[in-house]
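Report on the following structure.
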Amino acid sequence: MGTTPLGSWNDGPTKRAIIEFVTAAARDGSPGFVPPQDRVAVFDNDGTLWVEKPAPVQMTFVLEKLAARLEADPSLAREQPYRAIADRDESYFRALNEQDPDAVASMVEAIGAAWEGTTLAQYEAEAVRYLDSWRHERFGVPYSGLVYQPMLELFDYLRTHGWRLFVCSGGGRDFMRVICEDTWGLPRENVIGSAPEFAYRDGVLVRRATPHGPVAVGPGKPEDVLARTGRLPAFAAGNDDVDVELLRSARFALLIVHDDDVREYAYTDCAERAHATAERYGWTTVSVKNDWNTIFKERLTQKKRSAPHQ
């Protein structure tokens, strides 16, 4: 990264806005000063820290698990999301992508039931096996090759100015914790996401089907952040409609706009409300095409992960 902060960011109003906010936040006595204890920065994951198209990295992991359950018990096809899997019903998955409440509720319930009774170590072992073999269908790279280098640089820049970083995603918290330390350089406890309750049984903790708190989409994001940190973010970054409430809760909001169909993808689906809200409130927007001179870079050598947590 060299001595220049945000080296993968092109000079322009977006980069200047970030630097001006962060430097002012660290300067005691300035109007933009943020006390050290309040320097909490929260980032969405899919589409904000790594590629989410044509589907989020975790999606196939979940669908393969549900398909295996359906094969073992065909009667599950009477209910969603199993009916959509059996019928290859794209309308259901569009509704899920758009965060339709009924679709989300049915998927959360199915995920809870699919891993109910498993230990954290068992769940993580499944996730590790999946991630070790997974490759992106267009780019042919593992998940580590899909991380946005400019956002890793932003992480570094914020850290040097005393910010504590968190990831809050509608994706599975425990899935993200498998990769967070090696990929983002974040400790596991700084990952917030949709998660189950755990129950202590016969000396071990096992997953329950019941969700732990609100699902981390829409209003659930700032609710989960407040529950975890005791604060709302002073800096937040996201990319689509389910991030609007998180971004509105922050002093500085950064919206990633996907408009580069050559180096990545160009799309606005499920982000229309976010774009309109950004214009209304004057959020800082990032054009992937114009603001990033580099998108992907293997900054971190993918290391062999430690044994799954007990």
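The values are calculated or read from the model by the stated rules, or taken from the named source; none is laboratory data. Predicted model, so just to flag it, every value in this text is computed and none were measured. Note that we place each Cβ from the backbone using ideal geometry, even for glycine, and neighbour counts take in every protein chain shown.
When the helices (runs of 4 or more DSSP H) confined to region 1-111 are screened for residues that are more than 30 Å from HIS161 (Cβ to Cβ) and among the charged types (D, E, K, R), those reaching at least 1 such residues are found at 57-72, 82-87, 90-97.
Can you tell me which residue is farthest from ARG16 (Cα to Cα) among those in region 136-162 that are aliphatic (A, V, I, L, M) and surrounded by 16 or more Cβ atoms within 10 Å (Cβ to Cβ)? Taking the candidates together, the pick is LEU146. The single residue among PHE139, PHE166 that is under 27 Å from TRP292 (Cβ atoms), part of a loop (DSSP other than H, G, I, E, B) and not β-branched (Val, Ile, Thr) turns out to be PHE139. For MET59, the stated conditions hold: it is surrounded by fewer than 17 Cβ atoms within 10 Å (Cβ to Cβ), of a type outside the set (Gly, Ala, Ser) and under 19 Å from the mean Cα position of the chain (by Cα). Every condition in (1) within 25 Å of VAL22 (Cα to Cα); (2) in contact (Cβ under 8 Å) with a residue 60 or more places away in the chain is met by LEU186 except one, and the failing one is (2).
Determine whether region 267-274 contains at least one residue that is at pLDDT 95 or above, surrounded by 21 or more Cβ atoms within 10 Å (Cβ to Cβ) and under 24 Å from THR23 (Cβ atoms). Checking region 267-274: not a single residue is at pLDDT 95 or above, surrounded by 21 or more Cβ atoms within 10 Å (Cβ to Cβ) and under 24 Å from THR23 (Cβ atoms). Screening ASP38 on (1) under 23 Å from the mean Cα position of the chain (by Cα); (2) under 22 Å from PHE175 (Cα atoms) shows it passes everything except condition (2). The residues of region 112-126 that are out of contact with any strand residue (DSSP E or B) (no Cβ under 7 Å at 6 or more places or on another chain) and either buried (at least 20 other Cβ atoms within 10 Å of the Cβ) or assigned to a strand (DSSP E or B) (or both) amount to a single one, GLU124.
Every residue, every condition in (1) assigned by TED's automatic domain parsing to the domain that holds PRO222; (2) loosely packed, with under 15 Cβ neighbours inside 10 Å; (3) within 30 Å of GLY185 (Cβ to Cβ), yes or no:
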{"position": "PRO5", "(1), (2), (3)": "no, no, yes"}
{"position": "PHE21", "(1), (2), (3)": "yes, no, yes"}
{"position": "GLY29", "(1), (2), (3)": "yes, yes, no"}
{"position": "GLU79", "(1), (2), (3)": "no, yes, no"}
{"position": "TYR92", "(1), (2), (3)": "no, no, no"}
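The lone criterion from (1) closer than 29 Å to ARG138 by Cβ; (2) of a type in the set (D, E, K, R); (3) surrounded by 20 or more Cβ atoms within 10 Å (Cβ to Cβ) left unmet by ARG207 is number (1).
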